[in-house]
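First, the structure itself, so that you have it in front of you.
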Ligand SMILES: *[C@@H]1O[C@H](CO)[C@@H](O)[C@H](O)[C@H]1NC(C)=O
């Protein structure tokens with residue numbers, strides 16, 4: 001008699017447990033007119049999803065399951081090239097994670113890159129998410145909770161088109177990314193560290209205001225929390241992450257040059273300040289490799 005009751009009770013408990021622990025599904029979609037290679041980095045100590053990097057052709061989408069309570073970030077890589085047929089030698093002009101392969105395998109995006117950041121609830125708690133330009137911008141991104149009562153956040157505008165000359169990352173004459181003032185100039189006031197390491201001591205700057213005007217819901221500098229972090233109370237079963245939410249042919253999205261149009265590489269971004277020079281030194285071998293791969297194809 002007790003046994004007859006125990007079995008349904010046990011299966012109910014098990015079902016309840018499995019339901020609570022079900023993964024969240026991210027639906028990653030590429031609305032850009034060019035291929036995007038999403039990258040995924042889990043926070044320290046958080047198990048990675050089954051993929052940490054893949055390609056999405058224009059219009060393509062892919063579902064990625066993450067475990068209950070997952071936290072981490074997603075971003076889009078652009079202008080990527082596979083320089084060897086063995087699967088090695090993979091590199092991207094923007095958002096590169098330095099793994100040498102399409103999978104990022106625990107490595108994060110090289111700035112500048114637009115980031116979608118998530119801290120998902122364990123069972124029944126609240127999810128937190130944001131779109132961040134703190135590490136700069138490379139392409140428009142939108143984050144839409146599957147739970148329709150929770151707010152969407154985004155940076156839908158092509159900031160490359162509005163990027164001040166001193167922040168531009170230029171490949172073959174086209175602006176392919178826009179650096180943060182922190183990355184470009186490295187000062188405490190721009191980076192919100194040192195004497196400017198508290199919210200009260202790190203105010204918006206002309207550069208962060210420009211980012212904020214273009215993308216009012218996104219983080220424009222490190223302490224831009226009040227208008228940039230979004231909460232889904234009770235959580236969401238999943239999230240849509242859309243690259244170029246405004247579409248691929250509206251002219252309102254980042255548009256890296258095509259391989260056919262590739263003249264010799266030019267890197268230019270605002271003169272001879274030390275940060276620019278450092279950046280050029282790290283990017284130049286990569287860009288040269290991409291150019292060589294594209295011309296020998
Ligand atoms: C959806 O969000 C609303 C508002 O935050 C919340 O009350 C509700 O519990 C959520 N629903 C689900 C199924 O997670």
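For residue 27, indicate whether it is surrounded by fewer than 18 Cβ atoms within 10 Å (Cβ to Cβ), out of contact with any helix residue (DSSP H, G or I) (no Cβ under 9 Å at 6 or more places or on another chain) and assigned to a loop (DSSP other than H, G, I, E, B).
So residue 27 fails the test.
Looking only at residues in the range 114-143 that are within 13 Å of the ligand (Cβ to nearest atom) and assigned to a strand (DSSP E or B), which one is farthest from residue 76 (Cα to Cα)?
127
Cβ contacts < 6 Å: first residue farther than 13 Å from residue 166 by Cα, restricted to the range 176-188; second residue in a loop (DSSP other than H, G, I, E, B) and modelled with pLDDT under 95, any location; separation 6+ or different chain. Result?
176/256
Name the single residue, out of those in the range 87-123 being modelled with pLDDT under 95 and touching a helix residue (DSSP H, G or I) at 6+ places or on another chain (Cβ under 9 Å), that is farthest from residue 173 (Cα to Cα).
Among those that are modelled with pLDDT under 95 and touching a helix residue (DSSP H, G or I) at 6+ places or on another chain (Cβ under 9 Å), it is 123.
Conditions (1) closer than 16 Å to residue 112 by Cβ; (2) at pLDDT below 95; (3) within 16 Å of the ligand (Cβ to nearest atom), marked per residue:
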{"position": "173", "(1), (2), (3)": "no, no, no"}
{"position": "178", "(1), (2), (3)": "yes, no, no"}
{"position": "196", "(1), (2), (3)": "no, no, no"}
{"position": "250", "(1), (2), (3)": "no, yes, no"}
{"position": "257", "(1), (2), (3)": "no, yes, no"}
{"position": "264", "(1), (2), (3)": "no, yes, no"}
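What residue, among those in the range 209-237 that are in contact (Cβ under 8 Å) with a residue 40 or more places away in the chain and not in a loop (DSSP other than H, G, I, E, B), is nearest to the ligand (Cβ to nearest atom)?
232
If only one of 233, 184 is surrounded by fewer than 21 Cβ atoms within 10 Å (Cβ to Cβ) and either farther than 23 Å from residue 70 by Cα or over 17 Å from the mean Cα position of the chain (by Cα) (or both), which one is it?
Of the residues listed, the single one that is surrounded by fewer than 21 Cβ atoms within 10 Å (Cβ to Cβ) and either farther than 23 Å from residue 70 by Cα or over 17 Å from the mean Cα position of the chain (by Cα) (or both) is 233.
The values are calculated or read from the model by the stated rules, or taken from the named source; none is laboratory data. The structure presented is a predicted model; accordingly, all values stated were derived computationally and were not measured. Note that we place each Cβ from the backbone using ideal geometry, even for glycine, and neighbour counts take in every protein chain shown.
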